[in-house]
Amino acid sequence: MANKTNRWNSSYLTYPIVVCKLNKLKENLVALKERCHIFNVDIAGVIKGFNGIPEIAEVFSKEFYYIASSRLEHLKVLKEKNFSNPLMCIRISMPYELEELVDICDISLQSDPYVISLINKAAERAGKKHDIILMADLGDLREGFWDKNSLIDEAEKIEKEYKNLHLKGIGTNLGCYGSIKATPEKLEELVAIGEKVEERIGRKLEIISGGASSSLLTLFENKWPKRINQLRIGEGLLMGLETWDLKEDFLNDDCFILKTQVVEVEMKPSFPVGERGVDAFGNVVEYEDIGIHKRAIVAIGKLDYGNDPFSLTPLDEDIKILGASSDHTLLDVSHAKEDIKVGDIVEFKIPYSNLIYLTNTNTVRVVVE
């Protein structure tokens, strides 16, 4: 019997549904953890991709030491449920949320000296010591110190002046904004910064955090710098490694399946009839004229999964996605393996970008099997 998350008080037959296949997800976690341990790399398990649903996060808690998210609300739920893992916030902090940060999290990624000074004060008021990973910007142009001398100065300040902070290590982010690859050269640059920090503070750093799932390519190519001992992984664990053109095939890419219900089936033209303007989102859309065809509508749309319906993959490869509005997704089912009728269920594999939306809306229920 499926274990339902507390999304709705309704039967299993309510649609749309995202089904998490927990056994397949467990296989991914174990397989990737074992592969990373060959290189002495620990994984901080990132739960933001499924919006921190505790029933799924519990699997992460059994395999990884650190549980991480960019959202404090995800980590707060785990703390309230007495998860024993140290909790890591991977989004640099807003000044208003620092009291909550030190209450919920054991460790956080930071890049602004003023915010860091406020975290020290918040930790002092809470009677706690908070761990910090200082972020270096290596060219992706998201968070991190651009001036590496400033990073080293800040590291010394944390080490010598801030009594309620502990400098746990340094880290970087690659591939999230600027699409910069985590090449061996970039990662060696991070190691060099870390060694300069160590020389300044007179001790070894416990963590050099080499990025996220996009860094796995360099690891699997056996070009991994020995000093980098942590990755913050979410997408690769949840979705497999296809996004980065990795040829490794040891991870499941169908841990999450979207199930939708058909609400209309009609023979219709493929090209809109009448004077054309823009769609509901103000876009000028081009349409392919393939004549009259069998068209189905499923009751889910951009409001539920984000702006790109074409990133969904029908499990029946003979079904073609035509487009979507806020609430409807249109399908060409002319060549579907089954005769599609109103009330039927059409299933899709979900990429990371859609999963984040689907698990963050009250219009879609999440079921753990």
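The values are calculated or read from the model by the stated rules, or taken from the named source; none is laboratory data. Note that the coordinates shown come from a computational prediction; the quantities given were computed from them, not determined experimentally. Glycine also receives a Cβ, built like all others from the backbone with ideal geometry; neighbour counts cover every protein chain displayed.
Looking for something part of a loop (DSSP other than H, G, I, E, B), loosely packed, with under 15 Cβ neighbours inside 10 Å and touching a residue at least 40 places away in the same chain (Cβ under 8 Å) - is there at least one such residue anywhere in the stretch 35-50?
Residues of the stretch 35-50 that are part of a loop (DSSP other than H, G, I, E, B), as a first pass: 38-41, 47.
Right, trim to loosely packed, with under 15 Cβ neighbours inside 10 Å and you get 38, 40.
Those left that are additionally touching a residue at least 40 places away in the same chain (Cβ under 8 Å): 40.
There is at least one residue in the stretch 35-50 that is part of a loop (DSSP other than H, G, I, E, B), loosely packed, with under 15 Cβ neighbours inside 10 Å and touching a residue at least 40 places away in the same chain (Cβ under 8 Å).
If we keep just the residues of the stretch 190-219 that are under 18 Å from Ile180 (Cβ atoms) and either among the aromatic types (Phe, Trp, Tyr) or part of a loop (DSSP other than H, G, I, E, B) (or both), which is farthest from the chain's Cα centre (by Cα)? Residue satisfying both the conditions and the ranking: Gly210.
It is to be established whether one or more residues within the stretch 301-310 are of a type in the set (Ser, Thr, Tyr) and within 26 Å of the chain's Cα centre (by Cα).
Taking every residue of the stretch 301-310 in turn, at least one turns out to be of a type in the set (Ser, Thr, Tyr) and within 26 Å of the chain's Cα centre (by Cα).
Picking from residues in the stretch 275-329 that are touching a strand residue (DSSP E or B) at 6+ places or on another chain (Cβ under 8 Å) and among the polar types (S, T, N, Q), the one that is nearest to Thr361 (Cα to Cα) is Thr329.
For Arg142, the test of being modelled with pLDDT of 95 or more, under 22 Å from the mean Cα position of the chain (by Cα) and not in a strand (DSSP E or B) is passed.
If you go through the stretch 174-184 and keep only what is assigned to a loop (DSSP other than H, G, I, E, B) and more than 18 Å from Ile92 (Cα to Cα), you end up with Ser179, Ile180, Lys181, Ala182, Thr183. Among all positions in the stretch 222-229, there is at least one residue which is more than 22 Å from Gly49 (Cβ to Cβ), touching a residue at least 40 places away in the same chain (Cβ under 8 Å), outside any helix (DSSP H, G or I) and more than 25 Å from the chain's Cα centre (by Cα). Against the list (1) part of a strand (DSSP E or B); (2) more than 21 Å from the chain's Cα centre (by Cα), the condition Gly171 fails is (2). No other residue among Ser108, Ser117, Ser61 is in contact with a Ser or Thr (Cβ under 7 Å, 6 or more places away or on another chain) and either not hydrophobic (A, V, I, L, M, F, W, C) or not in a loop (DSSP other than H, G, I, E, B) (or both) apart from Ser108. Within the stretch 254-278, being of a type in the set (Asp, Glu), surrounded by 13 or more Cβ atoms within 10 Å (Cβ to Cβ) and over 18 Å from Leu358 (Cβ atoms) holds for one residue alone: Glu264.
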